[in-house]
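Visitor: Sharing a structure below in structure tokens format, with a few things to ask.
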Protein chains: 2
Amino acid sequence: MTSVAQTYHHGDLRTALLHAAAKRLAEHGVDSLSLRKLAEDAGVSRTAPYHHFKDKSALLSAIAAKGFSDWHSAAKRIFEQDEKSPKERFREFVREYVGYAVDNPEMYELMFGRTIWQNNAATSDLKDVAFPCFQFQVTMTKFWQEKGLLPNNQDALRLAQVTWGTLHGIARLLIDGIYADSSHIQEMCDCAADLFMQQK
Amino acid sequence: MTSVAQTYHHGDLRTALLHAAAKRLAEHGVDSLSLRKLAEDAGVSRTAPYHHFKDKSALLSAIAAKGFSDWHSAAKRIFEQDEKSPKERFREFVREYVGYAVDNPEMYELMFGRTIWQNNAATSDLKDVAFPCFQFQVTMTKFWQEKGLLPNNQDALRLAQVTWGTLHGIARLLIDGIYADSSHIQEMCDCAADLFMQQK
DNA sequence: AGGCTATGTTGACACTGTCAAGATAAAACT
DNA sequence: AGTTTTATCTTGACAGTGTCAACATAGCCT
């Protein structure tokens, strides 16, 4: 990919670290992700990363930010498929949401886990990318309410919180292997969609 | 409380460790819970705990097991309030569930977080206490289906997974401070309950 | 009394995040 | 051009972690 001559200054350590981190994240999970290993991956000393990220949390936030931006694009793409009926799109969104989480458990864990959000530890960079995602959930909810798929007598924000909460909860139960296994994804998603769209 | 003379053998180190752990858990969270500190709390050397717990994960599992057993009692108590209508009990269960999570965020995180469930790491002791809780959720769901509060055309297991998923998701969003703050608990719970019991 | 077993001890190891102080290169300024 | 400032990277160090191995003590059983 980028083969820069070995110099004292790395050249683009920041993105090199992020790439290494994304790789390790997907392969070994967020828990076994250490700055020192990332530095080694990038062929640099243990403390070099600190010139690009305030601390470990900041690096994780940066990865999560990328995740949110990807997520937002994917959600938009599904939501804006005009050729499909709103009902179909809703079902698809539910399946895609849970599917994304199950296919990228470590990234999902990072994005929506306590690690980076706890104690308001989230970087403002992270918030700038994540909040539009939250907002988009509300936008979609309003749309589905207007189309009569979701109850109209509920506040859109609350309803968005609850519907997202449901998807989030299902995703987490599946990922953490608590209460369900992945062979039931489809059925669980459809059950949730049916529940939301009762008698519609 | 328990003032045993200082002897070479502690006497009841196992429960002393569990108590210390529960205290530290509630006060400082699961992340800053170290075996060495617990040993110090109990007035014992760093490696003494290993004679009572296989490893850190086993100790955490033991605390979680206690949490599940408490949780099960509480759920039963609410569910069996015969003087209240099923509908009322359902609403109350929703509020209690989320309320418990918000009031005991660290314990909830431990019980339903990835720490102890990941990679099928759960002790069989833990599973023995936790699985009945999961089962109870299904039992309650069946009851509410029979009472006409929840859709009868859904498989009880799926529906239980989805309803629990919803409560779990809401709880997590609140705890992790991702998408909602605790001033909206009541409204979110009621919105969820309304959603489940549409047109009932 | 003797020995077995449960329980406790210190020592050691590899690993972690992070700070401080110094080295080097590149960029900016005069 | 030369000089200075700034960005980047280095080694050294520290406190903290889980966990293993080897050894010490004490209680229990025969």
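Visitor: Compute the long axis of helix A:86-103 from its Cα atoms, compare it with the longest principal axis of the Cα atoms of chain A, and write down the angle in degrees, 0 to 90, nearest 10.
Guide: Roughly 30 degrees between the two axes.
Visitor: May I pose another question? Taking chain B as the region of interest, what is the percent of Cα-Cα pairs per 10 angstrom bin, listed from the shortest bin to the one with the maximum distance?
Guide: Going out from 0 Å in 10 Å bins, chain B shows 8, 31, 31, 18, 9, 3, 0 percent.
Visitor: To the nearest whole number, what is the average tally of beta carbon atoms from other chains within 10 Å of the beta carbons of peptide A:118-124?
Guide: Mean shielding by partner chains, rounded to a whole number: 2.
Visitor: Suppose we consider the axis relating copy A to copy B; can you name the residue of A with the nearest Cβ and state that distance in angstrom as an integer?
Guide: Nearest to the symmetry axis by Cβ: A:Gly169, 1.
Visitor: When ranked by the protection proxy of mean other Cβ atoms within 10 Å per residue, highest first, what sequence do the peptides B:109-120, A:68-79 form?
Guide: The packing order, highest mean first, is B:109-120, A:68-79.
Visitor: A further question on this structure: Within 10 Å of each Cβ in B:150-158, how many Cβ atoms from other chains are there, averaged over the peptide?
Guide: Mean partner shielding for this stretch: 4.
Visitor: Between segment A:33-109 and segment B:53-76, what is the C-alpha centre distance in whole Å?
Guide: Centre-to-centre distance over Cα atoms comes out at 32 Å.
Visitor: So what are the ³J(HN,Hα) numbers for segment A:32-44, from phi and the Karplus equation (6.51, -1.76, 1.60; θ = phi - 60°), rounded to whole Hz, Gly and Pro as x?
Guide: 9, 10, 10, 4, 5, 5, 4, 4, 5, 3, 7, x, 9
Visitor: For the protein assembly as shown, with all protein chains present and a 1.4 Å probe, just round the carbon and sulfur fraction of the accessible area to a whole percent.
Guide: Its accessible area is 50 percent carbon and sulfur atoms.
Visitor: Using R₀ = 35 Å, calculate the FRET efficiency as 1/(1 + (r/R₀)^6) where r is the Cβ-Cβ separation of B:Lys84 and A:Asp70; round to 0.05.
Guide: Efficiency at R0 = 35 Å is approximately 0.15.
Visitor: Ignoring ligands, DNA and RNA and using a 1.4 Å probe, state the total buried accessible area between A and B in Å², rounded to the nearest 100.
Guide: The A and B chains share an interface burying roughly 4000 Å².
Visitor: Name the shape class, rounded, prolate or oblate, that the alpha-carbon gyration tensor gives for the protein assembly as shown, where a ≥ b ≥ c are the square roots of its eigenvalues, rounded holds for a/c under 1.5, and otherwise prolate holds if a/b is larger than b/c and oblate otherwise.
Guide: oblate
Visitor: Counting Lys and Arg as +1 and Asp and Glu as -1, each charge on the Cβ, what is the dipole of segment A:20-164 about the Cα centre in debye, to the nearest 20?
Guide: In debye, rounded to 20, segment A:20-164 gives about 200.
Visitor: Can you list the lysines whose alpha carbon sits under 16 Å from that of A:Lys76, skipping same-chain ones fewer than 8 residues off?
Guide: Reachable lysines: A:Lys66, A:Lys84, A:Lys87, A:Lys142.
Visitor: What's the angle, to the nearest 10 degrees (0 to 90), between helix B:156-176's Cα axis and the longest principal axis of chain B?
Guide: It is inclined by approximately 60 degrees.
Visitor: Sticking with this structure for a sec: Under the rule of -39500 (n - 2.57) per DSSP H run of 4 or more residues, summed and divided by the residues of chain B, what mean residue ellipticity at 222 nm is obtained, to the nearest 500 deg cm²/dmol?
Guide: Details: 9 runs with 133 residues, N = 200.
That calculation yields -21500 deg cm²/dmol at 222 nm.
Visitor: Give the separation of the Cα centroids, segment B:118-191 to segment A:156-200, in Å.
Guide: Using only Cα atoms to place each centre, the spacing works out to 10 Å.
Visitor: Looking only at other chains, what is the average number of their beta-carbon atoms within 10 angstrom of each beta-carbon in B:130-142?
Guide: Average neighbour count from other chains, rounded to a whole number: 1.
Visitor: Treating the angle as unsigned and between 0 and 90°, give the value, to the nearest 10°, between the Cα long axis of helix A:56-79 and the longest Cα principal axis of chain A.
Guide: It works out to around 40 degrees.
Visitor: For segment A:83-200, what does the alpha-carbon gyration tensor say about shape, rounded, prolate or oblate, given a ≥ b ≥ c as the root eigenvalues, a/c under 1.5 as rounded, and a/b over b/c as prolate?
Guide: oblate
The values are calculated or read from the model by the stated rules, or taken from the named source; none is laboratory data. Quantities reported herein were computed from a predicted structural model and do not represent experimental measurements. Cβ atoms come from the backbone with ideal geometry, glycine included; neighbour counts cover every protein chain shown. Side chains included, ligands, DNA and RNA excluded: accessible areas come from the protein's heavy atoms. Shrake-Rupley method; radii C 1.70, N 1.55, O 1.52, S 1.80 Å.
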